[in-house]
Every structure is written in structure tokens, then in C-alpha cells.
1. With axes computed from alpha carbons, what is the tilt in degrees of helix A:325-335 against the longest principal axis of chain A, rounded to the nearest 10 within 0 to 90?
2. Please give the residues of region A:165-196, grouped as numeric ranges, whose backbone N is less than 16 Å from a label point set 7 Å along the Cα-to-Cβ vector of B:THR38.
3. Report the charge-dipole magnitude of region A:17-272 in Debye, nearest 20, computed about the Cα centre from +1 at each Lys and Arg Cβ and -1 at each Asp and Glu Cβ.
4. Give the Debye-formula value of log10 I(q)/I(0) at each listed q (0.13, 0.15, 0.16 Å⁻¹), with one equal scatterer per alpha carbon of chain B, two decimals each.
5. How large is ³J(HN,Hα), in whole Hz, for each residue of region A:344-351 in order, when computed from phi with the Karplus curve 6.51 cos²θ - 1.76 cosθ + 1.60 and θ = phi - 60°, using x for Gly and Pro?
6. Summing +1 for each Lys or Arg and -1 for each Asp or Glu, what net charge is found among the other residues whose Cβ lies under 13 Å from the Cβ of A:ASN154?
7. How much FRET efficiency would the formula 1/(1 + (r/R0)^6) give for B:GLN113 and A:PHE366, where r is the Cβ-Cβ distance and R0 is 41 Å, rounded to 0.05?
8. In square angstrom, what is the accessible area per residue of region A:1-145 with a 1.4 angstrom probe?
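The values are calculated or read from the model by the stated rules, or taken from the named source; none is laboratory data. Quick caveat: nothing in here was measured; it's all calculated off a predicted structure. Cβ: placed from backbone, ideal geometry, glycine included. Neighbour counts: every protein chain shown. The accessibility values were calculated without ligands, DNA or RNA, using every heavy atom of the protein model including side chains. Shrake-Rupley method; radii C 1.70, N 1.55, O 1.52, S 1.80 Å.
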Amino acid sequence: MNQWLDDRLHISRLNDKFLRKAFPVHHSFFLGEITLFSLIVLILTGILLALSYEPSNSLVVNTFDPGTVTKPNLVPAAYHSALKINAMPFGDMLRRVHHWMANIMVAAAVIHMMRIYFTGAFKKPREINWWIGMLLLIFSALTAVTGYILPYDNYAYNTVKVVYAITGSIPWVGEWVAQAAFAGKFPGAGIIPRIYGYHIMLLPGILLALTGAHMLLMIKQKHTQPQYAKRVAYKKIVGVPFMTQQTPIMLVLALLLTGLVMLFAAFIPVHPVEFFGPPSTTPINNIKPDWYLLWVFGALAIIPSFEWHLFGGLIGAEFVGALVLPGIVMALMFAVPMLDRTTEHQYYAENPTNHPVRLAAGVAFFAMMIVLSVAGYKPELISSGLLTTGNANTILWILTLLVPAVSYFAVIGIVRGIRALREADERESLAHAHADD
Amino acid sequence: MTRYKKQDPEITRRKFINVAMGTTAAVGTVSLVSALGTANPVFRLTPDKAPPVKGDVLVHASESKEGQIIKVSDLSDQLVRAWPMGKDKDGNNVIRKGEPNNILALYRFPKGQLVEPTKLDATVNGEIVAYSDICTHAGCSVADSDQGDGMKCPCHSGQYDPKRGCKVIGGPPPRPLAQLPIKLEGDQLVVADFFASMPYPFLSETEWEKFKKEVEEQLA
Ligand code: HEM
Ligand code: FES
């Protein structure tokens, strides 16, 4: 059969080009793969969910609690269908796996990106893939946020309300853009169908296209080689071929990941729609976005209020906190490969400690993200008595600047210290070696 | 090599193709932009989406009591949420909750506690005051603070002082909550006028003024 196919499709050329691709063996190289497998599981569970989900925010009678004939209990159809999915055999499980996997996907992508950054794998010639990776990260977050809104419970409702307001805060065009993006003045009759379209067609399409490009570039440019490859065979590509050695590794990894997430999902519920209830005007106390957007949320919580009028447009704290600031952070991340001025091609993954400034800058960056995320817990910090309403903003601002600065210099100090010790050791052993002669 | 030297053409092939592609791209983009316009549906101001207007009666918004007319004795220094209830063209009662930003916050404080910048002549007897319950920051519904110091928004912990005109006392909100002038008619709380300042989601006074005119014309 192979022969038959080969005659017609030239499978063997495919084999030479793609299926023999060498995969370096190192656990940190699995992070990207985990991201990929999560996307696949998300698509599969997402398709299953879409079979039973009803994308509409028109009101229907809640069949689980119909109310009376004169005063029927009306809930949005989307919320009702989420209740129905929960009532299906394994339905709640399906929702949980989909939701947990979305978190795992973003987490794996973030850690994957850290690996790329700290080992210098973004350097020439792989800048384009760093940029594609950035886009993947942004679009994954957007996909997850739109998915969050679909069950249309009170939590989702409050989330989309804030998302709408953030869109509307763009100067000059905000209100128009928000209405165009969310099907009319909030909450428009078409808001759920619109978001459903984004979540299951537009955004997954973009994600798949970007993922394809990411993979093709990776195959074309090859992985950076781990340090051991330098010793094994200098400037040669070292690794196991995709077919057949890498495939079982990947299969095991994919199944292990899915298994773990299912186990997780079985024990830890996520987004309990019954608990939050249908959309209402009762606010949810201490509502929070998912963890990967907590830093934006924290920044919003500590930015003082201001309004600045410019040519009839309005630039407010919300626009600056939720769009300009993340925009700057994203721009910085996009700029990472351009800050590096080497002209040589990068073959080997670098030891992070050989590049103390890059290492320290990265650590400081993550430290700042973490402090800002903690700032997202400002209400809790205040009610627990750690901070007061009066001093919370000042203290959180100081921490936001101080913690990254301290971690920057600490990392540089530690790396220099270790290097000095190592060099001293070498000199000493050299001296002893001479003495032994 | 060629025997016939071409008469210099008026336009090279490359240039022609570039111009043709440019035109196609421009026309395509413009048509796509016009298609984008259809993504934004037309807004119709129906009675259930109109803002609170003069003569509206305030009714309970909480799920268990929704639609019941609010009595003075229902109110205290704890927030009570209310909807404005008006009439449609046929004179039927309409709770104006088609626009979720119409949700109101009501308080009754002992006399003397409500002070400037609260508009005291827009309160009932300097005791009962009504505000928009929608945070001017990003439009979340504001609640009583769990610390007992005024109102707190659950979204980004914006804080307001309902005894002092709901001015901002913490967090990101840019403006105080808009106060709604009310009066007592019989034992019903009735709206006396539009919001005294622009409520969420309005961003400019001119737009708010324009909207008030539009509403008045529709109702007339
Ligand atoms: C690619 C195909 C995908 C399809 C067809 C799909 C479909 C769906 C559907 C129908 C729902 C509503 C489920 C419910 O009633 O709760 C949903 C929810 C959700 N989706 Fe997806 N999805 C896909 C991909 C993704 C991706 C890539 C992510 C994230 C990176 C994601 C994250 C979410 C989240 C967080 C929810 C909320 C789940 C809940 O609270 O129940 N989805 N998705
Ligand atoms: S919406 Fe109220 S503080 Fe942001």
C-alpha cells in the first residue's frame, strides 16, 4: 500500500522533509507540544459542547424551575443550555475539561515562551516565530475570554459588561467599535450569537492558521539545539526523528496531559453556572478575570482616576489601564528579538546565566506581573486588614516598582557571585594541578 | 535582439498591474468597511430602554420583590436597588429594565447626614436620595461596602460616598454616581427630572444633552 500511495502522492518526499524532523530530547522542549495538544483537546471538547450549546440570549422558560404560568421563570437560552449540558451524562465533565484545558493551554504557552526567552531561542533566525508565538498568546487569551462569556450566567454577564466598557473607552471611536463588536448597545439582542461566532469560528480559525505557520517555520528553521548537542556533534542537528521515535513520546505526553486534566476536572469544579445564576443587576462580589489577565485587572485597580479631553475624545483611566498599558507590555515583548543585535545564526540554546542582564530583565518583568496580579486582590487585601483604603494604592505602586528593581539587581548579583566563585574554583584547581606536577 | 523596437508604451506592464491591484485592494477594503457597518445594528429607543423620566414610579429591582412599588419604610442606610417604571403608548406599566444601566440605588439617611455636594433639593426631605447604581468606571453595579464606609464597586473597587453626592473616595471611577431627582407623591417615590449629571455610559455632556432632547421628543 505504501508503494501505491507513494506512486500517486510522493509520500516519501513528505517523509524526507517532515516526518524525519529531528526533535531534541530535553524536557523543556515539551512545553510547546503541551500547548499544541491542549489546543487539539479544546477543539475536540469544543465541538462536543457546540453540539448541545444554544447560542442565544433570548429569554426562555427555565425547564428546571419553570415558575408559574403568570410569572414564568425566564432565563437566557445560552444559560439554560449550559444548565442542560450540566445535566447530561458527563456534560458537566465536558465543560470542566474544556475550561481547565483552556487554562492549561495559556499556562503552557506562557512557560514555553519563558523557555524561549531565557535560552535566547528567539534570536536570529527565529524572530518571526517569536512574533507568531506572541500573536498565538494574545489570540488564546481572547478565545478564552469569549468562551468565558458563552454560558451567560451572572459572572459571564458582568465579564462581558466590563469587556464592552473597555472597548468603549477607546477615544473617539470606542462606542462605535464596541457596538459593532458586540452587536449593538449593551446588552444587544445579538450579543451571544456574535460572541459564539468569534469563539468557535473566527478565533479558532486564527489560532489554527497561526499554529500551522508556527510549526512550519519550526520545521524549516529547526529547533535550537540543547547544550549537550554541542558536545555530541558540533554544528550537527542532534535529536530523535519525528517518525517513529518522537511520535510515541508525543502520544504518551498527549494522553498523560488529557488524563491529568480529566482527573483535575473530575475533582475541581469550574465556573459553576448554577451558583452564579442568570444575568442580574446584583453585582458579584470580588469578581476577577482569569489568572492570565489578573495583571491588567490589578493595574486598573490601582490607577488613579483621571480624564483627559483631547479633540473631543476622552482619554480615561480605563483606556490607559486596560488598553494602553497592556499594549506597552505587548510591544515590549514583541520588541525582544529586535533588542538583540547578533548577526550570527543561533544554533544552541544558551545557558541563561551566561546572559545575566537578559535573565534579570526577564525575572524583573515576571516579578512586576506578579505584583500587579496581587494588586488585583486589593479588595481582599483591604478587608483582611493588611492594607487600608487610604494606603493601598501607594503601597501597591511602590511594590510594583520596587519588587522588580530588587529582583533585577538580586539576579545580577547572584549570577555574578556564582561566576566569581566558579572562576575562583577553576583557578584554584589549576594551581593545585600545577602543584601536583 | 528584437527586430521591432517597441514604441515606448505609455505605461509599463508592471505599472499597469500595480495600479490594477492597488485599485482592487482599495475598492475591496472600502466595501469590507461598509460591510462592517452592518455589524452594528440600529438602536431603537423603546419605552423599556428609555432612561428614568419625570413621573416614573420607583419599584423594587431585587428578584423576590421585583416590580413592587417602593415604600419609604422599605428604605434605610442599606442600599435598595430600584427600577424606574413608566408607561408605554397604551398606558400600560413598563419597568424600564431593557436598559440595564437604568438600575438605581436608594438610601434613606437620618436627617442632617446627607450633605453637599448632594443636591439636597433633589432628595425627599433631605433624607431619601437616589443615584444611578452603575459605576462610572466600567459600568458594574455598585454595592454597599463590606467595611461600612459607603459604596464599593465589586469590579475594580471604586468607592463612593452616598452621603456626599456619591463623590468618588477611592479607585478608578472618573465621576460621581449621577443623582436622580425624586419626590414623594402620596406614598410613592416619583422621578422629578432626568439624572442631574450625565450617568454611565455617557462620556460627554453634549451627547447626554442630545439624548435627553431625543427622549423628550419621543415621549411628547
Ligand atoms: C476550537 C474550537 C472550540 C470550540 C468549538 C469551542 C466551543 C465552546 C462552547 C460551545 C462553549 C460553551 C460551553 C458552555 O456551555 O459552557 C465553550 C466554552 C468555553 N471555551 Fe471553547 N471552544 C473552542 C476552543 C476554545 C479554545 C481554543 C479556548 C481557550 C484557549 C476555549 C475556551 C473556552 C472557555 C474558557 C469556555 C467557558 C466554559 C465554561 O465556563 O463552561 N475554547 N467553548
Ligand atoms: S467598574 Fe466600578 S471600579 Fe471599575
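1. 30 degrees
2. Those under the cut-off are A:180-181, A:183-184, A:194.
3. Values: 20 positive and 7 negative charges, 294 e Å.
Here the size comes out at about 1420 debye.
4. -0.77, -0.97, -1.07
5. Running phi through 6.51 cos²θ - 1.76 cosθ + 1.60 with θ = phi - 60° gives 5, 7, 8, 9, 10, 5, 8, 6 Hz.
6. Values: positive: A:LYS161; negative: A:ASP153, A:GLU274, B:GLU63.
Residues close to A:ASN154 contribute a combined charge of -2.
7. 0.30
8. The answer is 51 Å² per residue.
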